[in-house]
1. Test each condition in (1) at pLDDT below 95; (2) under 22 Å from the mean Cα position of the chain (by Cα) for F208 and report the one that comes out false.
2. Which numbered condition in (1) under 12 Å from the mean Cα position of the chain (by Cα); (2) surrounded by fewer than 19 Cβ atoms within 10 Å (Cβ to Cβ) is the only one that V162 fails?
3. Say whether the condition of being under 29 Å from R140 (Cβ atoms), surrounded by fewer than 18 Cβ atoms within 10 Å (Cβ to Cβ) and either in contact with a Ser or Thr (Cβ under 9 Å, 6 or more places away or on another chain) or of a type in the set (A, V, I, L, M) (or both) is met by at least one residue in the range 249-261.
4. Restricting attention to the range 134-159, which residues are surrounded by 13 or more Cβ atoms within 10 Å (Cβ to Cβ), assigned to a helix (DSSP H, G or I) and of a type in the set (G, A, S)?
5. Could you say whether any residue in the range 270-288 is part of a helix (DSSP H, G or I), out of contact with any Phe, Trp or Tyr (no Cβ under 7 Å at 6 or more places or on another chain), under 27 Å from I159 (Cα atoms) and not hydrophobic (A, V, I, L, M, F, W, C)?
6. If V242 passes every condition in (1) modelled with pLDDT under 90; (2) within 18 Å of the chain's Cα centre (by Cα); (3) within 20 Å of L120 (Cβ to Cβ); (4) crowded, with 22+ Cβ neighbours inside 10 Å but one, which one does it miss?
7. Failed condition for P225, given (1) within 30 Å of V79 (Cα to Cα); (2) in a helix (DSSP H, G or I), with all others met?
8. Do we find that I145 is at pLDDT 90 or above, assigned by TED's automatic domain parsing to the domain that holds Y76 and not aromatic (F, W, Y) in this structure?
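The values are calculated or read from the model by the stated rules, or taken from the named source; none is laboratory data. Remember, predicted model here, so these are calculated numbers, not experimental data. Positions of Cβ are generated from backbone atoms using ideal geometry, with glycine treated the same way; all protein chains shown enter the neighbour counts.
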Amino acid sequence: MAKRNIVLTAVLAGFYLIVQLLAAKRVLLPYDLQIMGLICINIMLAVSLNLINGFTGQFSIGHAGFFGIGAYVSAYLTVVHHVPFLLALVIGAMSAAAFGIVIGLPTLRLEGDYLAIATLGFGEIIRVVILNIPSVGGARGFSGISRATTFGHTYLFMILTVVIIKNFIASYHGRACIAVREDELASEALGINTTYYKVSAFTIGAFFAGLAGGLFSHYMGYINPAANQIGFLKSIDILIMVVLGGLGSITGSVGAAIFLTLIPELLRGLAEYRMVVYPIILILVMLFRPSGLLGGKELSWETLANIYQRITGRKQKQRVTTSNGTE
């Protein structure tokens, strides 16, 4: 395990160094770095929502509300009060986590569709409230935000998000959350405080969504309370990433976030037709992989080794068949 962690750390560090080298050589343009930064932010959103929906089994569709809280709070602190960027990020994330506790305590007593409706209402309440706050731009949006976020920031915080949530899931508390997902009544019978663990997962997910929001607002330099940024449509985009990657699969969420961020950009050459091709691709994936790309499983070293062995084994079998002339 220690060797694998060292190898993985070396790979991640090597990738970052390669990106910086290509950017210095102007092989990667600022537009390319911006897309890569958005990929990292979407990975943070997808993995944090997967903790709530996939591992704890709570159907939340208001994740963009926490994203908006982190974005606006951190931007307001840096623009109006000149708070240092990193401190503003932390305060924005903690504000989102506080709202996660406040919203989670009453709503997580609900289940299924009722919980989805409650979280959807929360997300829309946040958006409408922001629309009516003149100090953050109101309906015009919040402009003049310093573009302090770099690709390095998004890359580092993305890795921290994945590592922390992965370790949480592997801990006693994470296994309690999984037990709540599998059978809440049985978990209560075994002495697990189901409300505590549901609120904990909700709060952790809200914290990282708020952190992603702070990075996003300082990455774009402008944020608007439109539905596709902090409203219902944004929540649906994040939910699609989680479902497409596979509920209960961190690596699936990472892969789906990369895929769904790149597809619209790759289809820009198709002009208006890209909005037709994009949903067709999603429908095909859902038809042939209804449980998601990984279906709740993780893409581990063992999985990659098994795939490699199967591929090499088939090649060796084909060579033997060709040389003998018989099967």
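1. Just one mismatch for F208, condition (1).
2. (2)
3. No; the residues of the range 249-261 include none that is under 29 Å from R140 (Cβ atoms), surrounded by fewer than 18 Cβ atoms within 10 Å (Cβ to Cβ) and either in contact with a Ser or Thr (Cβ under 9 Å, 6 or more places away or on another chain) or of a type in the set (A, V, I, L, M) (or both).
4. Listed by number, the residues that qualify are G138, G152.
5. So far as the range 270-288 goes, no, none of its residues is part of a helix (DSSP H, G or I), out of contact with any Phe, Trp or Tyr (no Cβ under 7 Å at 6 or more places or on another chain), under 27 Å from I159 (Cα atoms) and not hydrophobic (A, V, I, L, M, F, W, C).
6. Condition not satisfied by V242: (1).
7. (2)
8. Yes; evaluated as a whole, the condition is true for this residue.
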